[in-house]
Structures are given as C-alpha cells and as structure tokens.
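Participant: What follows is a structure written as structure tokens; I'll ask about it next.
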Amino acid sequence: MKEVGYKVEAGVAWLVLNNPPLNALSHALRKAVIDGLDRAVADAKVQAIVLVGNERAFSSGADIKEFSGGAFYAEPFLPALCDALEAAPKPVIAAISGACMGGGLELALGCHYRVALADARIAFPEVKLGLIPGAGGTQRLPRLVGLESALNLIVSGATVPAAMFKGSPLFDAVIDGGGANALRDAARDLAAKLRKENAPVRRVRDRAVQHPQAEAFLQFAKTGITAVSRGMAAPLRALEAVAASLEKSFDFGLGVERKIFTELMSSPESQALRHAFFAERAASKVAGLGDRTPQRKIERVAVVGAGTMGGGIAMTFANAGIPVTLLEAKQEALDRGLANIRKTYEGAVAKRKLKPEDATQRGGLIQPSLDYADVSKVDLVIEAVFEDLEVKKAVFRELDKHARRGAILATNTSTLDVDRIAAFTKRPGDVLGLHFFSPANVMRLLEVVRAKKTRPDVLATAMSLARRIGKTAVVAGVCDGFIGNRMLDPYAQQALLMLEEGASPRQVDQAIEAFGFAMGPFRMSDLAGNDISWHIRKRHYAEHPQMRHMRIADRVCELGRFGQKTGSGWYRYEPGKRDAIPDPVVEQIIAEERKALKIPPRRIPDAEIVDRLVYALVNEGARILEEGIAQRASDIDVVYLTGYGFPASRGGPMFHASQVGLGKVVRRMREFAANPHAEPQSWKPARLLARLAAAGRRFDDAVAATTPRKARAKGKSRG
C-alpha cells in the first residue's frame with residue numbers, strides 16, 4: 001500500500017494521504033509526504049502542490065502508538081515535516097475534509113494555503129493526553145486566528161467546525177456542501193489563481209500575533225485556567241507556549257513549545273492520560289467476540305421503570321434517535337417520570353445546550369405505557385426497577401411472556417446476581433446486565449454484565465449498541481457489585497473505619513479530593529442517596545449475620561438523613577444549595593460510636609487516608625482480575641475513570657498502583673494491617689497482587705482468567 005498517492009494534473013501535484021481510516025501521521029506516512037514533496041519540488045512541470053486526505057479525515061494527528069518507541073521521533077519528525085512544507089519554494093495547499101486534529105492540523109498550518117469543507121472538524125486535543133501541540137501549533141495558530149481564539153482551542157482541546165473560522169486567515173476558502181469533489185475543485189481553483197497571479201509562497205511564521213491588551217488577557221486567562229484545570233499541568237503549560245508566540249522571534253516560540261512538549265511527554269500525568277486513552281479502546285475488545293460475531297438489530301427499545309434511572313436510560317436512547325417505550329405499573333409513577341424527562345429537556349433548552357425543536361423531537365421518541373404487551377414490539381427491554389430480587393423476578397417473568405423471541409432482555413441491577421435473574425426466564429441466553437450509572441443520560445460508563453448463559457451475539461450487540469448511544473462499555477462477569485460497586489465496598493468500609501479511628505467526614509473527603517477525586521466518599525454518598533447503600537448493607541446483614549455492622553452509617557440513615565434529597569446526610573444542606581456543611585449531629589454520632597467501641601481518637605494523616613482508600617480499591621481490583629470478573633487491569637481503570645471520579649491524571653487505580661510500585665503498595669498494606677483497630681483480613685493482599693509484587697511486575701503483566709472462577713460469596717464482608 002502506498003502511504004501517499006502522487007499524481008500531477010495541469011501543473012498541480014496531488015499528494016493524497018493514504019493511511020486509513022484516519023490518516024494518523026505514522027513514520028511511514030510522514031516519510032511518504034516528504035518524499036512526495038521533494039518529488040513535486042524537483043518536477044519543473046509542477047507549479048503548485050495540494051495535500052489532501054479522505055472524506056473521514058485530512059489527518060487525525062500523530063500515531064499515538066508510536067509514542068512509546070523510537071518511530072515517533074524518527075526523521076522526518078513531525079516538526080521537521082511541517083517546517084519542510086513551509087519552506088517549499090512552490091505553493092503548498094492543504095485541502096481539508098473530515099477530521100483535522102492535533103498533528104494533522106499542524107501539518108495543515110505548515111502549508112502556505114488552506115481550503116476546507118465547512119463541516120471539517122478541527123481541534124488540538126493534545127491537552128487531553130497531558131500534552132500540548134508540539135509541531136508549531138502553539139505558534140502558528142495564534143498568527144492566523146488571533147491570540148484569544150487560538151488559546152481557547154488549544155487549552156480546551158475542543159473540536160469545532162471549520163466554518164467557525166470562515167473569513168479568518170486560517171482558511172482561504174470554506175466550502176458549504178459538495179463533499180470531496182467540491183473540495184478538490186476549490187483547491188484546483190486556488191492553485192490556478194496563484195499561478196495566474198504569480199503569487200509568492202506565504203508562510204505563517206512571517207505573520208505577527210495581534211492583540212490589543214495581550215498581557216492583561218493572558219493574566220485573565222491564567223486565572224480562569226487555574227480554576228478549571230483541577231491540578232492538570234498541560235492547560236497552564238499550553239498557555240505558557242501560546243504566550244511565547246508574542247515574542248519577536250518565531251523560532252524562539254518554537255523552542256519554548258518544544259521544551260514544554262518534551263517535559264510533558266515524560267510526565268506521569270501524560271503517561272496516565274495516554275494509558276486511559278488506550279484503555280478505553282482495549283475495553284471494546286472482548287474475549288470470544290470478533291468481527292464475524294453476528295449481531296441483532298436494535299431499532300426499538302423498552303425501559304421498565306420510570307424512576308430516576310429508568311427515565312435517564314430512556315433519554316439516553318431518545319438522544320441517540322432510538323424510539324423508546326417507557327413502561328410503569330401505575331399511572332402516577334409514569335406521569336412523574338415523564339414530567340422529570342420534560343424538566344430535563346426544558347433545562348437543557350434554557351441553558352442553550354439543546355434547541356427547542358430537538359428537545360421536542362427527542363421527547364416525542366419516548367412513548368408511555370402501562371401494558372407489558374407493548375414490549376412485544378421492541379428489540380431490547382431494559383429493566384430499571386427497585387433493587388430487590390423478588391421485584392425483578394416478577395418483572396422478568398412478565399417480560400418472558402410478552403417479549404418477542406430474539407429480543408434481548410437486560411437488567412440494570414447494580415449488585416444482584418444476573419445469573420439468577422436470567423433463570424427467571426425460559427431464555428437465559430438472551431439475558432445480560434446493562435448497568436447504567438446515574439444520571440444515565442449524562443454518565444458515560446456502561447457495565448455490560450455477561451451472565452453464564454449470555455449468547456455471544458447478545459453480548460456483541462450490547463457492545464455495539466453502547467457505542468451507538470455514546471457510552472464507554474466495559475464487560476464484567478457476575479459477582480456482587482460487578483467491577484465498580486464491588487470495589488466500592490472496601491473503599492467505603494475504610495472511609496467508615498477512619499471515622500471510628502479519629503477522622504471526620506470532611507477530612508476524609510478533602511484528602512481524597514486533593515488527590516484528585518471528583519468527590520470524596522461522604523459527599524458522593526450524600527449525592528447518590530445514603531438510603532441506597534443502606535439498603536445494600538441491610539441485605540448483606542441478612543445474608544451474613546457475622547458481618548460487622550457499620551453503626552455510624554446506619555445511625556445516620558435511621559435519622560432519615562439520606563443526603564441532598566432530604567437536606568441532610570453526612571452533611572447538612574441549605575435549601576436550593578449543594579454546599580456540604582459539617583453537621584454537629586453527625587459529629588455526635590461518631591463520638592458516641594467511638595466511645596462504645598472504646599477507640600481513642602487519633603490524628604490520621606491525609607496521606608494515610610488517601611492510601612487506605614486507594615489501596616482498598618486496588619486490592620479488590622486485583623481479586624476481580626484474578627477471578628476473571630474483569631478481562632484486564634485497564635478495564636478496571638476505565639470503570640473508575642469514567643464512572644467513579646478517579647482522577648484522570650493518575651490513570652485509574654490499577655495503573656496508579658503500578659506506577660507507585662506494587663511492592664510498595666503491599667508494604668503499605670502490611671502497615672495498615674498492623675493497626676490495632678484494623679480488620680486484618682481487609683489488608684491481606686490478593687494472591688495476584690502478592691505474586692506480581694514479589695516478581696517486581698505491574699498489573700499490565702497480568703492476564704485475567706479466561707474462564708472466571710466462582711466469585712467470592714455474595715455479600716461477604718471485605719472490610
């Protein structure tokens with residue numbers, strides 16, 4: 001395969017990028033571009049050069065797979081290629097369609113002229129990988145669109161249509177409609193015009209950056225970026241690089257950019273974000289499934305239960321253009337659910353996140369029903385009722401009666417046994433878990449739970465459907481809590497144990513939030529509803545009377561303090577506000593329980609709080625991997641990054657532990673086990689963790705069991 005097609009027509013050399021699907025700038029492609037450029041420059045018949053991609057992409061940017069090897073830096077290195085395009089003695093035109101991002105946009109900026117389809121997508125997403133543009137993007141873009149617009153694009157990593165910069169020096173022509181043919185015609189016309197006018201080459205480096213109050217703007221921008229970057233280094237370093245474009249020397253600015261890029265490339269933050277990038281893509285690869293695995297057609301969906309979760313799931317499908325039947329047992333519950341859906345869409349319109357006509361169209365895709373017979377018309381039914389096995393049993397028996405043969409039956413359970421639920425039907429092969437996270441229309445994570453008898457085509461259909469509705473899907477095996485909530489159990493228990501030992505809810509929350517979590521365990525519990533975890537605890541108590549009762553948490557719930565929805569929980573809340581205010585009532589409960597347990601309170605360092613919470617996650621994650629509940633360690637990271645607020649800059653719990661060193665993690669766990677108030681079993685290292693630590697290896701070196709072993713007893717204490 002030729003990485004770059006080469007053809008000369010009427011004095012124009014066409015260099016066609018050919019590295020499908022998105023023309024990632026691999027070393028082979030870069031070399032082919034510069035070879036084509038040299039060939040065109042040397043050909044006396046060529047008067048202009050056009051660089052063009054395909055309909056999907058001009059170029060999506062650097063080939064990230066090369067970051068870990070020498071190919072990324074091999075000549076021609078991307079900065080050198082951009083400089084070579086700019087230094088060419090003949091006009092070079094970039095013809096842009098589809099994605100033009102990162103290094104691909106820098107390639108276009110190195111050209112002398114640019115034409116684009118109006119719907120071409122341009123972006124500098126490097127900041128999302130803990131990097132900045134490293135091939136002149138921070139220096140060339142401000143010279144074409146201005147300091148403010150360039151900074152906004154580079155710091156945000158946002159993708160915008162080329163039409164946004166129509167009329168700016170970034171594009172010589174922006175074409176509405178007509179596709180690839182219209183784009184080539186525009187490039188051809190521009191080349192002819194340049195020949196006719198005998199126009200000289202026009203280099204971006206020769207332009208100056210204009211801004212009437214540059215220093216004041218940069219200081220204002222720094223304040224704003226600091227407030228929203230949550231400790232991420234790349235956004236502020238991007239500001240530093242863009243600010244260097246104001247210097248008189250273009251080459252000076254390039255030097256600043258190169259230094260920052262190199263420093264960030266080796267930073268723990270960028271390594272973690274790149275790990276997360278690849279982890280999401282790996283999660284879509286499921287053992288036993290392949291390109292030839294058949295899939296079922298999903299054209300209509302039903303959701304049983306119109307509560308918060310059911311309504312969110314219904315909106316998720318409607319937002320993707322899929323008709324939904326929303327089923328409830330009682331009219332008042334159905335009306336309440338529909339009212340909440342309308343309120344959500346109206347709120348999105350009021351915030352200008354959604355056009356009124358789009359809200360109307362999406363709402364119209366959700367059809368209410370009180371009759372199970374209506375599920376006979378759909379291809380997928382998702383149960384989203386109360387988290388009780390008997391309630392779900394009644395629902396699935398009705399679904400088994402009414403759903404058509406070949407329809408997929410899914411449960412949204414967050415903790416219950418999907419194998420038992422599947423056994424309530426005569427078609428267990430058509431049953432699986434689809435565990436959405438609340439609010440389902442917002443949260444990206446979807447745990448796809450493969451039951452013992454789930455058919456491969458059912459699982460493949462669910463994974464494909466997840467992409468269609470904009471979710472990041474991770475396959476989990478059957479156990480109590482699957483991946484995310486099972487790990488949350490020991491995490492929450494450590495948080496509660498530290499209250500008994502001397503910490504306050506606020507100290508625990510602040511310590512883990514300073515580490516980078518979006519919310520600490522107590523603020524998160526108040527947001528989700530303390531009654532939810534209380535219900536699960538009571539089920540565990542009933543099944544396993546020997547479990548240690550977490551009396552502090554139970555007493556908070558016994559007072560009806562269920563969190564934000566009741567105005568009080570671990571904290572108290574002022575009406576209409578979400579500020580978590582420490583409450584003496586909770587402090588009194590904690591003091592009384594410490595006294596009853598005869599535990600003298602001690603000062604717990606923030607570092608201990610963080611390590612106990614994070615390593616509790618890691619140890620349970622190792623057990624999950626060992627049992628084959630998760631396919632790979634990176635899948636566990638994806639769950640916690642997309643569903644539980646783990647800091648992206650640390651790559652997920654398993655990656656973070658590997659970066660710290662598994663031997664160090666195990667030694668720290670032994671320290672915690674020596675605590676006189678610890679439950680020693682909770683700090684016994686998982687066999688996999690102990691084995692990897694002893695060998696000096698990482699979780700990436702572990703291979704999950706191909707056939708999951710029987711998971712630990714449901715509800716067994718892991719505290």
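Participant: Among the residues of segment 39-62, are any in a strand (DSSP E or B) and of a type in the set (Ser, Thr, Tyr)?
Facilitator: yes
Participant: Are any residues in segment 596-610 part of a helix (DSSP H, G or I) and either buried (at least 21 other Cβ atoms within 10 Å of the Cβ) or at pLDDT below 95 (or both), and if so, which ones?
Facilitator: Once the filter is applied, which keeps residues that are part of a helix (DSSP H, G or I) and either buried (at least 21 other Cβ atoms within 10 Å of the Cβ) or at pLDDT below 95 (or both), segment 596-610 yields Ala596, Leu597, Ile609.
Participant: Could you please find all residues in segment 259-282 being aliphatic (A, V, I, L, M) and within 13 Å of Glu126 (Cα to Cα)?
Facilitator: Correct list: Ile260, Leu264, Met265, Leu273.
Quick grid of which residues meet (1) surrounded by fewer than 15 Cβ atoms within 10 Å (Cβ to Cβ); (2) among the aliphatic types (A, V, I, L, M):
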{"site": "Val16", "(1), (2)": "no, yes"}
{"site": "Pro20", "(1), (2)": "yes, no"}
{"site": "His27", "(1), (2)": "no, no"}
{"site": "Val41", "(1), (2)": "no, yes"}
{"site": "Gln47", "(1), (2)": "no, no"}
{"site": "Leu51", "(1), (2)": "no, yes"}
{"site": "Arg56", "(1), (2)": "yes, no"}
{"site": "Ser59", "(1), (2)": "no, no"}
{"site": "Ile64", "(1), (2)": "no, yes"}
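Participant: For segment 177-191, how many residues meet the condition of being surrounded by 13 or more Cβ atoms within 10 Å (Cβ to Cβ), modelled with pLDDT of 95 or more and either not basic (Lys, Arg) or not in a helix (DSSP H, G or I) (or both)?
Facilitator: 7
Participant: Kindly establish whether Ala227 is in a helix (DSSP H, G or I), surrounded by 15 or more Cβ atoms within 10 Å (Cβ to Cβ) and either without any contact (Cβ under 8 Å) to a residue 24 or more places away in the chain or not assigned by TED's automatic domain parsing to the domain that holds Thr461 (or both).
Facilitator: So Ala227 does not fit the description; no.
Participant: Regarding segment 629-640, can at least one residue be identified that is modelled with pLDDT of 95 or more and more than 30 Å from Val127 (Cβ to Cβ)?
Facilitator: So far as segment 629-640 goes, yes, one or more of its residues are modelled with pLDDT of 95 or more and more than 30 Å from Val127 (Cβ to Cβ).
Participant: Which residue, of Pro169, Pro161, is touching a helix residue (DSSP H, G or I) at 6+ places or on another chain (Cβ under 7 Å) and at pLDDT 95 or above?
Facilitator: On inspection, the qualifying residue turns out to be Pro169.
Participant: Tell me, which strands (runs of 3 or more DSSP E) wholly within segment 351-460 include 3 or more residues that are within 19 Å of Ala473 (Cα to Cα)?
Facilitator: In segment 351-460, the matching strands (runs of 3 or more DSSP E) lie at 380-383, 408-411, 431-436, 445-449.
Participant: Condition first: in contact with a helix residue (DSSP H, G or I) (Cβ under 6 Å, 6 or more places away or on another chain), modelled with pLDDT under 95 and assigned to a strand (DSSP E or B). Can you find one or more residues in segment 91-99 that meet it?
Facilitator: No, there is no match, as no residue in segment 91-99 is in contact with a helix residue (DSSP H, G or I) (Cβ under 6 Å, 6 or more places away or on another chain), modelled with pLDDT under 95 and assigned to a strand (DSSP E or B).
Participant: Something else now. Being touching a helix residue (DSSP H, G or I) at 6+ places or on another chain (Cβ under 8 Å), modelled with pLDDT under 95 and among the basic types (Lys, Arg) is true for just one of Lys714, Lys710. Which residue is that?
Facilitator: Just a single option satisfies the conditions, and that option is Lys714.
Participant: Applying the selection to segment 592-607, what residues are of a type in the set (D, E, K, R) and in contact with a helix residue (DSSP H, G or I) (Cβ under 8 Å, 6 or more places away or on another chain)?
Facilitator: Glu593, Arg594, Arg602, Asp606
Participant: Which residue is farthest from Val127 (Cα to Cα), if the candidates are limited to segment 68-90 and must be small (Gly, Ala, Ser) and part of a loop (DSSP other than H, G, I, E, B)?
Facilitator: Only one residue fits best here, namely Ala88.
Participant: When you scan segment 572-584, how many residues do you find that are exposed (fewer than 12 other Cβ atoms within 10 Å of the Cβ) and within 19 Å of Leu527 (Cα to Cα)?
Facilitator: 7
Participant: Checking Ala234 against (1) surrounded by fewer than 14 Cβ atoms within 10 Å (Cβ to Cβ); (2) closer than 25 Å to Ala518 by Cα: exactly one of these is not met. Which one?
Facilitator: (1)
The values are calculated or read from the model by the stated rules, or taken from the named source; none is laboratory data. For clarity, every value in this text was computed on a predicted model and none was experimentally measured. Backbone-built Cβ (ideal geometry, glycine too); neighbour counts: all protein chains shown.
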